[in-house]
Amino acid sequence: MKIIVGITGASGAILGQRLVRFLLEDDHEVHAIISPSGVAVFAEELDIRLGGSHAEIRKNFLKHYKNNKTLHVAPADDFAARISSGSSSIDAMVIVPCSMSTAAAVAHGLTLNLIHRAASVSIKEKRPFIIVPRESPMSAIHLRNLLTLSEVGVHVVPATTAFYHKPKTVEEMVDFTLGRVLDILKIKHKLFTRWRESAAEE
Ligand SMILES: Cc1cc2nc3c(=O)[nH]c(=O)nc-3n(C[C@H](O)[C@H](O)[C@H](O)COP(=O)(O)O)c2cc1C
């Protein structure tokens, strides 16, 4: 699949980092867009400094994934990027993690950066589109925006874990959320053990 992954400045940079890794290892084509706040949270939470200019962000992001040939990094401020067009052959989009600011912009049709524009295109083209919002607690404004998105067909997968698979690490908690994202994309995975399904039955 050709998948756009938008990474915004909500807490949970590890979610975006691990989803991109999984998709590349599973041989998908990933078009990553990282907002400036997403870059800041990558540094804050993962100690990965991507840099300031698009050239630096692109170089360092590609390096982080060992220059994988199916990874592309688009500048967040480039509305003319190929993936911003409805005619591009993109299969699906995920915004992970998704800030309340980005959720608000997308819910109200604002296109202030390429993530918003690609999201707007995903909605109008009715492509599979998933957001992984993170905020706590959420205000009525946040909830209304998420409801608006859900009503137009956006899959809202909150950045929360279940506990029935007894996660022992942060990665196991993160992978539960990412597994639900992959379920929606109909991509097979073994990121978590499903309810009442033991590892032996897989
Ligand atoms: C370390 C850090 C953590 C943040 N966590 C959240 C969060 O969990 N949810 C959220 O909506 N915003 C969070 N923010 C604020 C957003 O980064 C900010 O609203 C920003 O304008 C979002 O822009 P973007 O959506 O274009 O990335 C955080 C900011 C920082 C620096």
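Derivation of every value follows stated rules applied to the coordinates shown; laboratory data play no part. Just so we're clear, the structure is a prediction, and the values are computed from it rather than from any experiment. Glycine gets a Cβ as well: all are built from the backbone with ideal geometry, and neighbour counts include every protein chain shown.
Annotation: segment 2-201 has a Kirkwood hydrodynamic radius of 17.0 angstrom, from the mean reciprocal C-alpha pair distance.
Among the trypsin sites (Lys or Arg not before Pro) within segment 37-103, those in coil by DSSP and having at most 16 neighbouring Cβ atoms inside 10 Å are Arg49, Lys66, Lys69. With neighbours defined as other Cβ atoms within 10 Å of a residue's Cβ, the residues Met100, Met138 order from fewest to most as Met138, Met100.
Measuring r between the beta carbons of Asn60 and Glu172 and using R0 = 30 Å, the FRET efficiency lands at 0.65. Scanning residues 5 or more positions from Ala32 or on other chains, those with amide H under 5 Å from its amide H are Val5, His72, Val73, Ala74, with H placed 1.01 Å from N in the peptide plane. Listed values for segment 37-44 are Karplus-derived 3J(HN,Hα) couplings in whole Hz (6.51 cos²θ - 1.76 cosθ + 1.60, θ = phi - 60°), namely 5, x, 4, 5, 6, 4, 5, 5, and x replaces Gly and Pro.
Close amide H contacts of Cys98 (hydrogens built in the peptide plane, cut-off under 5 Å, sequence separation of 5 or more or a different chain): Val132, Arg134.
Here segment 127-202 is assigned +1 on the Cβ of each Lys and Arg and -1 on the Cβ of each Asp and Glu. Its dipole about the Cα centre then comes out at about 100 debye. If R0 equals 30 Å, the separation of the Cβ atoms of Ser11 and Arg144 corresponds to a calculated FRET efficiency of about 0.90.
Only helices enter the 222 nm calculation for the chain: every DSSP H run of n ≥ 4 contributes -39,500 (n - 2.57), and dividing by all residues gives -12500 deg cm²/dmol, rounded to 500. Listed values for segment 70-85 are Karplus-derived 3J(HN,Hα) couplings in whole Hz (6.51 cos²θ - 1.76 cosθ + 1.60, θ = phi - 60°), namely 9, 9, 10, 10, 9, x, 4, 9, 9, 6, 8, 4, 3, 6, 7, 9, and x replaces Gly and Pro. The chymotrypsin sites (Phe, Trp or Tyr not before Pro) of segment 27-125 meeting both criteria, a DSSP state outside H, G, I, E and B (loop) and at most 15 other C-beta atoms within 10 angstrom of the site's C-beta, are Phe79.
Think of segment 47-202 as having a plus end and a minus end, set by charges on the Cβ of Lys, Arg, Asp and Glu; of Ser150, Asn60, Val170, Asn60 sits farthest toward the positive end of this dipole. Each label was represented as a point 7 Å from its Cα along the Cα-to-Cβ direction; for Thr70 and Leu112 these points are 3.4 nm apart.
Between Glu151 and Glu197, the modelled label-to-label distance comes to 3.4 nm, taking each label 7 Å out from Cα in the direction of the beta carbon. Dipole magnitude for the chain: computed about the Cα centre from +1 point charges on Lys and Arg Cβ and -1 point charges on Asp and Glu Cβ, it is near 240 debye. Taking the fewest neighbouring Cβ atoms within 10 Å as the starting point, the ordered list for Ile7, Ile187, Ile57 is Ile187, Ile57, Ile7. Sorting the segments 145-155, 162-172 by their residues' average number of neighbouring beta-carbon atoms within 10 angstrom, most packed first, yields 145-155, 162-172. When the Cα convex hull of segment 137-180 is projected onto planes of every orientation, the mean area is 3.8 nm². Think of segment 2-201 as having a plus end and a minus end, set by charges on the Cβ of Lys, Arg, Asp and Glu; of Val20, Gly86, Leu46, Gly86 sits farthest toward the positive end of this dipole.
Over 31 Å between C-alpha atoms is what I'm after, so list which of Lys66/Lys186; Lys63/Lys124; Lys59/Lys166 land there. With Cα atoms farther than 31 Å apart: Lys63/Lys124; Lys59/Lys166.
Each part reduced to its alpha carbon centroid, segment 134-202 and segment 27-69 end up 23 Å apart.
In this calculation the C-beta distance from Ala80 to Ile187 is compared with R0 = 35 Å, giving a FRET efficiency of 0.75.
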